[in-house]
1. Considering the range 77-104 alone, what residues qualify as being open to solvent by 50 Å² or more (accessible area, probe 1.4 Å), assigned to a helix (DSSP H, G or I) and not basic (K, R)?
2. Looking at (1) out of contact with any helix residue (DSSP H, G or I) (no Cβ under 7 Å at 6 or more places or on another chain); (2) open to solvent by 40 Å² or more (accessible area, probe 1.4 Å), which is the only condition G251 fails?
3. From M60, M111, which residue is farther than 19 Å from V277 by Cβ and hydrophobic (A, V, I, L, M, F, W, C)?
4. I'm trying to understand the selection: among the residues of the range 132-179, which are of a type in the set (S, T, Y) and crowded, with 20+ Cβ neighbours inside 10 Å?
5. Being aromatic (F, W, Y), part of a helix (DSSP H, G or I) and surrounded by fewer than 22 Cβ atoms within 10 Å (Cβ to Cβ) is true for just one of W186, W228. Which residue is that?
6. List every residue pair whose Cβ atoms lie under 7 Å apart, where the two residues are 6 or more positions apart in sequence or sit on different chains, the first residue falls within the range 197-223 and is within 20 Å of W264 (Cβ to Cβ), and the second residue, located anywhere, is among the aromatic types (F, W, Y).
7. Pull out all pairs, ordered by first then second residue, where Cβ-Cβ is under 6 Å, the residues are six or more apart or on different chains, the first lies in the range 259-284 and is on the phi > 0 side of the Ramachandran plot, and the second is open to solvent by 60 Å² or more (accessible area, probe 1.4 Å) and assigned to a helix (DSSP H, G or I).
8. Pick from the range 149-183 the residues that are among the β-branched types (V, I, T) and either under 22 Å from the mean Cα position of the chain (by Cα) or part of a helix (DSSP H, G or I) (or both): which of them is farthest from F64 (Cα to Cα)?
Amino acid sequence: MSATTLSTSAPERTPTPAPVRTDEGRIGLRANFRHIGALVRRNALQIKQDPESMFDVLLMPVIFTLLFVYVFGGSVGASLGGNRDAYVNYVIPGLMAMMGMNIAMAVGTGMNDDFRKGVMDRFRTMPIARSSVLIAKIVVEIGRMLVATAILLGMGFLLGMEIKTSVLDLAGAVGLSLAFGASLMWIFILLGLTMKTAQAVQGVAMLVLMPLQFGSSIFAPPSTMPGWLQTFTDYNPLSNLADAARGLINGGPVAHSVWMTLAWAAGITVVTAPLAVAKFRKKS
C-alpha cells in the first residue's frame, strides 16, 4: 500500500505592474538632465534615419529669401531709399523671426503625430519626468532652427547682406531669435496636445501665423501701413524680434526691441510651459 504525499504550496501570486511615476519631484535634477540627454539622442537618431524631415529646414530659408528679395526687393528697397541690396539687409533679419515661428509650428504637428502613432505610450511606462520629453523635443528643434538660420544668413551674404555692427551683435540676433522661437514651441506643443489631428493643428496654426507674419515689420516698414495696422504692428512680438535683429545687424537703437522680445519670450514660456506639461501628463 503506497502512501501518496500531498504537497501544499502557496497560491500563485499575480505580478503587479509597475506603477507609472507621475511625481516629478522625486526625480533628481541630475536624473532629469540624463533623461533629457537620452531623449535628445533618440530624437536626433530619428532625424538621421529620416533625412527627409530636414527638407523644410534646408529649403525653406532658400525659397523664402529668393522669393521675397526678388519679388518685393525692388519696390520696398526703393521706399527704403535704396535698391534691392538695401532690402536684403532689411528682410533677412526679419526672416529670422519667421523661420522660428514656422519651425515651432512643426513641433506641434510632430507631437500630435507621436501620440497617434503610440510613441508616447512607451514613455508613460518609464520613471522619467514628463517635462523631459517636451524639453528634449524643444532642444532638438532649436538645433534645427539654428541650421535654418545659418542657411538663411548664408543666402543673405550671397545676395549682398552686410554686417554693419560686429560678429558678436550678429550672434546676439541669432540667440534672440532662438530664444523667442523656443518660447513659441510651447504654444504649438500645447496646441498639438489639444487638437485631435495634425491637420487640425496645422490649420489653426496657419490662422495665427498669417496675421502675425504679414501684420509685422518683417517684410515692409510699418510706416507704409494704415494707422490701425501700424498699431497692431507695434504690439506684434514678431515686429519686436525683427526690429531687434535688424538693429543688432544694421546698427541703431535696440534696447527697447530686445527687452520687449525677451519679455514676450519669458511671458509665453511662463504661461504655456506649465499648461503643456500638465496637458501632456493628463493625455499620456
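1. Keep residues of the range 77-104 that are open to solvent by 50 Å² or more (accessible area, probe 1.4 Å), which gives 78-81, 83-85.
Checking which are assigned to a helix (DSSP H, G or I) leaves us with 78-79, 84-85.
Scanning the range 77-104 gives A78, S79, D85.
2. (2)
3. Details: M111 fails: farther than 19 Å from V277 by Cβ.
Only one candidate qualifies: M60.
4. Going residue by residue through the range 132-179, those that are of a type in the set (S, T, Y) are 132, 149, 165-166, 177.
Residues satisfying the conditions are S132, T149, S177.
5. On the way: W186 fails: surrounded by fewer than 22 Cβ atoms within 10 Å (Cβ to Cβ).
On inspection, the qualifying residue turns out to be W228.
6. A205/F188; G215/F232; F219/F68; F219/F72
7. Close Cβ pairs (under 6 Å, with a partner that is open to solvent by 60 Å² or more (accessible area, probe 1.4 Å) and assigned to a helix (DSSP H, G or I)) do not exist here.
8. Start the filter on the range 149-183 by keeping residues that are among the β-branched types (V, I, T), which leaves 149, 151, 163, 165, 167, 174.
Checking the rest, the ones that are also either under 22 Å from the mean Cα position of the chain (by Cα) or part of a helix (DSSP H, G or I) (or both) come to 149, 151, 167, 174.
Numbers: T149: 12, I151: 11, V167: 24, V174: 18 Å.
Selected residue: V167.
The values are calculated or read from the model by the stated rules, or taken from the named source; none is laboratory data. Predicted model, so just to flag it, every value in this text is computed and none were measured. Cβ coordinates were reconstructed from backbone atoms using ideal geometry, including for glycine residues, and neighbour counts include every protein chain displayed. We work out accessible area using only protein heavy atoms, side chains counted, and drop any ligands, DNA or RNA first. Shrake-Rupley method; radii C 1.70, N 1.55, O 1.52, S 1.80 Å.
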